[in-house]
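Worksheet for the structure shown next.
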Amino acid sequence: MATQSIHKIAVFASGYGSNFEVIARAAQAGEIAAEVVLMVCDKPSARVCSLADAMGVDKFVFSAKEYPSKADYEREIVSQCREREVELICLAGYMRLVGEELLNAYKGCIINIHPSLLPAFPGVNPLERAMEYGVKVYGATIHYVDETLDGGKIIAQQAVTYEGDDIEVLTALIHEAEYKLYINTLQKLLK
Ligand code: GRF
């Protein structure tokens, strides 16, 4: 019987970490051909840090202000990833623009999830802005990361229809869609 190879991945997050949790659980359950060998976070007090500890996932937590420049902290991130032989970086609520150091070290191997049907509503507060616009079909997108803000080539999308005006309900619907989309996408990418 052919054995499936397990890919080493890192998840980057800045806040709550529900996408990180879903990815790490899917990996631990063997639902994706991955091992989450590292969680990278730029906010020491973020919930995702304690979540990584609880799930037994190694973490690298940094404060950007403690480094002279983005290149300096990204060099450290690259070295943390290389040390663990990370093959794919999954951004999941990582609130920083990825710079040259990381992009060059992991060319074509960094993906991100964004809660809109890109190219509509890139950047911050996409749900609020879309609702304000009167959007009726929202969604989530997984795309390759390049030097632009949420502008890299699209890998997969999931539409979410919602005609109400409750941002919390919408956020919950989008999160549910994101979890499925990230797992389905990783299942395909890691084949
Ligand atoms: C998600 O909606 C993701 O699309 C966006 O940030 C949010 C992160 O949520 N980039 P969580 O930290 O995974 O709960």
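Between K188 and K136, the modelled label-to-label distance comes to 2.7 nm, taking each label 7 Å out from Cα in the direction of the beta carbon.
Calculated from the alpha-carbon coordinates, the stretch 1-78 shows an Rg and a Dmax of 14.0, 51 Å respectively. Close amide H pairs (under 5 Å, H built 1.01 Å from N) link I32 with A27, residues at least 5 positions away or on another chain.
Stretching A29 away from E87 to a fully extended chain increases their span by 18.9 nm, per 0.36 nm per residue minus the current alpha-carbon distance. First measure r as the distance between the Cβ atoms of L97 and E128, then evaluate 1/(1 + (r/R0)^6) with R0 = 22 Å and state the FRET efficiency to the nearest 0.05. That pair, L97 with E128, gives E of 0.65. Of the cross-linked pairs K59/K153; K65/K107; K136/K180; K59/K107; K65/K153; K43/K191, those separated by over 24 Å at the C-alpha level are K59/K153; K65/K107; K65/K153; K43/K191.
Remark: relative contact order (the stretch 15-146) = 19 percent; criterion is Cα-Cα distance under 8 angstrom and separation of 6 or more residues. With each label modelled as a point 7 angstrom along the Cα→C-beta vector, the A156-I6 pair spans 2.1 nm. If you wrap the Cα atoms of the stretch 81-158 in a convex hull and average its projected area over all directions, you get 5.2 nm². Inter-label distance, E147 to S79: 2.5 nm, where each label sits 7 Å from its Cα along the C-beta direction. Computed across the chain, the Kirkwood hydrodynamic radius from all distinct Cα-Cα pairs reaches 17.0 Å. The distance separating the Cα centre of the stretch 1-54 from that of the stretch 73-112 comes to 14 Å.
A short reminder: the numbers here are calculations on the coordinates, not readings from a lab. Here the structure is a predicted model, which means the values were calculated and not measured. With ideal geometry, Cβ positions are generated from the backbone for all residues, glycine too; neighbour counts draw on all protein chains shown.
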